[in-house]
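The values are calculated or read from the model by the stated rules, or taken from the named source; none is laboratory data. Quick caveat, the model's predicted, so the values are computed rather than measured. When we count neighbours, we look across all protein chains shown, and the Cβ atoms used for this are built from the backbone with ideal geometry, even at glycine. Just so you know, the surface numbers come from the protein's heavy atoms only, side chains and all, with ligands and any DNA or RNA stripped out. Shrake-Rupley method; radii C 1.70, N 1.55, O 1.52, S 1.80 Å.
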Amino acid sequence: MASELTLRQYDPRDAHAVWELHEWAMRVAGTDPADVPGTDDLRAIETQYLDAGGAFLVGIGDGEDDSDAAVPETFDGPVVAMGGLLPSESGHDDERTVPGAAELHRMRVAPPMQGRGHGRDLLAALERRAAQLGFETLLATTAVRQEAAARFYPAAGYREVDRSVQGEYELIHFEKTL
């Protein structure tokens, strides 16, 4: 049975669940969460995303989950998806900057909930929010080893525009005009 997803703006009470979902999703995708650079943004979502002119959404599931996995919980239910966007000028120093664009960050779906359309729903909501904020272009970057993400963005209309290497990670850079 497909579960329902309610997307809403980040609330400070989500902090612990958001961090747990980030670490869990990275491990399952074959990436050591300790190796992901610049994750301090997840410890300060209000200042890093919201105050910077971006957005951070949290997807709350309805509890319909066929797995026995412990999905991180917050005050209003299980956090099954999350993701943010921020102006590309306010991203990490080692990232590309495209004036007037927003960059997607920390797109995650709880591993047992993947394949149910939650990532597509989250992405569509972030694209709508980016347009409301006046951005015309969205950027996304993922590691080649995160195979599902490397397929996800092209399937959603993003085109590959570049590749780079950061440490041991080969990165794919995507872009979409809204």
remark   = Ordering Ser88, Ser164 by the accessible surface of their heavy atoms, 1.4 Å probe, largest first, yields Ser164, Ser88
ask   = Any idea what the dipole of the chain comes to, in debye rounded to 20, about its Cα centre with Lys/Arg Cβ at +1 and Asp/Glu Cβ at -1?
value = 520 debye
message = For the full complex of protein chains and a 1.4 angstrom probe, list Val165, Val36, Val58 by accessible area with the highest value first.
response = Val165, Val36, Val58
query = Tell me, what is the 1.4 Å probe accessible area of Trp19, in Å² to the nearest 10?
reply = 40 Å²
In degrees, nearest ten, helix 15-28 long axis to first principal axis of the chain (Cα) = 80 degrees
inquiry  = For a quick check, take a GNM of the chain with Cα springs below 10 Å and name the residue from Asp14, Asp35, Asp121 with the largest mean-square fluctuation.
reply    = Asp35
ask   = Asp32 accessible area, nearest 10 Å², 1.4 Å probe?
value = 80 Å²
ask   = From the Cα gyration tensor of the stretch 69-153, with a ≥ b ≥ c the square roots of its eigenvalues, which class applies: rounded if a/c is under 1.5, or else prolate if a/b is larger than b/c, or else oblate?
value = prolate
request  = Compute the accessible area per residue over the stretch 86-173, keeping the other protein chains in place, probe 1.4 Å, unit Å².
outcome  = 50 Å²
query = What list of ³J(HN,Hα) couplings, whole Hz, do you get for the stretch 171-178 from phi and the Karplus terms 6.51, -1.76, 1.60, once you set θ to phi - 60° and write x for glycine and proline?
reply = 9, 10, 9, 10, 8, 9, 8, 7
ask   = So what does Leu133 come to for accessible area, using a 1.4 Å probe and Å² rounded to 10?
value = 60 Å²
ask   = What does a probe at Ala70 reach in the stretch 11-29, counting residues whose amide N is under 16 Å from the point 7 Å along Cα→Cβ?
value = 16-25
